Amino acid sequence: MMIAILGLIIGLLIGIFVPIHIPQAYSNYAAVAILAALDSIMGGFAASLEGKFNIRIFLSGFFGNALMAALLAYIGDKLGIQIYLAAIFAFGNRIFLNFATIRRKLLKLEEE
C-alpha cells in the first residue's frame, strides 16, 4: 500500500512540474487512454481492499485498456465516427462503480 501511495505522489509531482504538451490531434486518444488507466487504478484499489489484487491482472488491464481505448478512438477517427465517446461512457461508469465499492469498503473498515 505504501508503494502505491509513493507512486501516486511521484506521478502527481511529475504531472505538475514537468510540462507535457499533447497536440490537439491526439487529445481524444490521450483522454480515453488516461480514463482507461484511471479505471484500472480504481479497480486495482478496489481489488486490494477486497484482498483480491493481482499485479499481473492490474498491469495487463492498465496497459491493455489504455491501448484498446486509444485504438478505438483512432479507428473511430478513421471511420469518421466518434466511437471514443462509447469508451468515455464505459470507463466513466466503471470508475464510479469502483469508487462506490471503495467507499463502501472504507466505511465498513471504519465501523469495525
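Assuming charge only on the beta carbon of Lys and Arg (+1) and of Asp and Glu (-1), the dipole of the range 25-111 about its Cα centre is about 160 debye to the nearest 20. Distance between the modelled labels on L106 and I20, one decimal in nanometres: 2.4 nm (7 Å Cα→Cβ projection).
Can you tell me the FRET efficiency between F53 and Y74 if r is taken as the Cβ-Cβ distance and R0 is 22 Å, rounded to the nearest 0.05? Once the sixth-power term is evaluated, E becomes 0.10. The lysines within cross-link reach of K52, meaning a Cα-to-Cα straight distance under 18 Å and a gap of 8 or more places when in the same chain, are K105, K108.
Structural descriptor for the range 25-111: relative contact order 41 percent, calculated from alpha carbon pairs under 8 angstrom and at least 6 residues apart. Relative to the current alpha-carbon distance between I3 and F63, full extension at 0.36 nm per residue lengthens the span by 19.7 nm. If you sort the three axes of the alpha carbon gyration tensor as a ≥ b ≥ c, you get a/c of 1.5 or more for the range 1-43 and a/b no higher than b/c, which makes it oblate. The spacing between the range 42-63 and the range 6-33, judged by their C-alpha centroids, is 21 Å. Whole-Hz Karplus values for the range 48-59 come out as 5, 5, 8, x, 10, 5, 9, 4, 5, 5, 4, 5 Hz, taken residue by residue from phi with 6.51 cos²θ - 1.76 cosθ + 1.60 and θ = phi - 60°; glycine and proline positions read x. If I fit a long axis through the Cα atoms of helix 2-17 and take the longest principal axis of the Cα atoms of the chain, what angle between them do I get, 0 to 90°, rounded to 10? Roughly 40 degrees between the two axes. Compared with the rule-of-thumb size 2.2 N^0.38 Å for a compact globular protein, the chain has a Cα radius of gyration ratio of 1.20. Residues whose amide H lies under 5 Å from that of F53, counting only those 5 or more places away or on a different chain, are S48; hydrogens are built 1.01 Å from N in the peptide plane.
Bear in mind that the values in this text are calculations on the coordinates, not laboratory data. Bear in mind that the values here come from a model prediction, so they are computed numbers and not experimental data. With ideal geometry, Cβ positions are generated from the backbone for all residues, glycine too; neighbour counts draw on all protein chains shown.
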